[in-house]
Amino acid sequence: MIKFAENVFVFDHPLIKHKISILRDKRTGTNEFRSIVEELGMLMGYEALSDLPIKNVEIETPIVKCNAPMLDGRKLAIVPILRAGLGMVSGLTALVPSAKIGHIGMYRDEETLMPHEYFCKLPNPIEERVILVVDPMLATGGSATDAINLVKSRGGRKIKFLSIIGCPTGINKLHEMHPDIQIYVGTVDEKLNEKGYIVPGLGDAGDRIFGTK
Ligand code: PRP
Ligand code: URA
């Protein structure tokens, strides 16, 4: 991973680059798109969770008793931003099956590009959990910033944000509003177009995952 700024990390792995390029291709159909978003959730989540707390527990191997490191309790919450964030969840729960899942519903007004919240249900209590908020796209940064506001207002403190494609506008906004959280992005694209889409990007992530238009 490359450190883009304090608390901002960009992935540098050839597998991640390759899979993002397949997502960008407009010929990639819904099935393949969905399974690659899931794979990227797992590959990127593996790195983003490399500092999860562990503790030693006593187990007995076929040979002897020993102390062995295991994840410290049921401490992870995965929080997708609906809809597109849902596509990354199964890859992450494959890594940490004990994770609790929260949901934040946000949609962007197509004219103003302002995010609107329509749903929020988080695991309770949330204070002691590592909370991984996920959304494939970090465009203006409005949705991610508001989602993290919500998580913090419910008591969340140890927060990470994981996204497949970001751009300078969104990364800078999220980092400025929430300098205390770790931001992980698969790649940093050039800019936003006049409709608020990431360029070159991959189009509308929710539509491509769910086959809607
Ligand atoms: C997309 C995407 C992010 C948001 C990013 O969702 O999944 O949530 O846009 O844009 P922003 O950084 O400018 O806020 P969208 O609003 O299209 O909703 P959907 O997932 O339900 O299609
Ligand atoms: N949301 C998307 O799904 N794609 C973009 O390029 C920007 C926001």
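The values are calculated or read from the model by the stated rules, or taken from the named source; none is laboratory data. As the structure is a computational prediction, the values presented were derived from the model and not from experiment. Here the Cβ positions follow ideal geometry from the backbone for every residue, glycine too, while neighbour counts run over all protein chains shown.
Couple of notes before you dig in:
- Residues in the stretch 1-22 that are farther than 24 Å from ASN172 by Cα and either surrounded by 13 or more Cβ atoms within 10 Å (Cβ to Cβ) or more than 18 Å from the chain's Cα centre (by Cα) (or both): PRO14, HIS18, LYS19, ILE22.
- Only residues that are in contact (Cβ under 8 Å) with a residue 40 or more places away in the chain, within 11 Å of ligand 1 (Cβ to nearest atom) and outside any helix (DSSP H, G or I) were counted across the stretch 87-123, and they come to 5.
- Single residue of GLY91, GLY85, GLY41, GLY29 found to be out of contact with any helix residue (DSSP H, G or I) (no Cβ under 7 Å at 6 or more places or on another chain) and either crowded, with 17+ Cβ neighbours inside 10 Å or under 25 Å from LEU174 (Cα atoms) (or both): GLY85
- Cβ-Cβ distances below 9 Å connect the following pairs, each with a first residue in the stretch 4-31 that is β-branched (Val, Ile, Thr), a second residue that is exposed (fewer than 13 other Cβ atoms within 10 Å of the Cβ) and not in a helix (DSSP H, G or I), and a separation of six or more residues or different chains: VAL10/ILE2; VAL10/LYS3; THR30/GLY211.
- Considering residues of the stretch 75-113 that are within 13 Å of the chain's Cα centre (by Cα), within 16 Å of ligand 2 (Cβ to nearest atom) and not β-branched (Val, Ile, Thr) only, the residue nearest to VAL151 (Cα to Cα): PRO80
- Test: ILE165 is buried (at least 17 other Cβ atoms within 10 Å of the Cβ), within 14 Å of ligand 1 (Cβ to nearest atom) and within 15 Å of the chain's Cα centre (by Cα): yes
- Residue list for the stretch 100-113, filter: modelled with pLDDT of 95 or more, on the phi < 0 side of the Ramachandran plot and in contact with a helix residue (DSSP H, G or I) (Cβ under 7 Å, 6 or more places away or on another chain): ILE101, ILE104, MET106
- Those residues of the stretch 23-56 which are under 12 Å from the mean Cα position of the chain (by Cα) and part of a helix (DSSP H, G or I), in sequence order: VAL37, GLU38, LEU40, GLY41, MET42, LEU43, MET44, GLY45, TYR46, GLU47, ALA48
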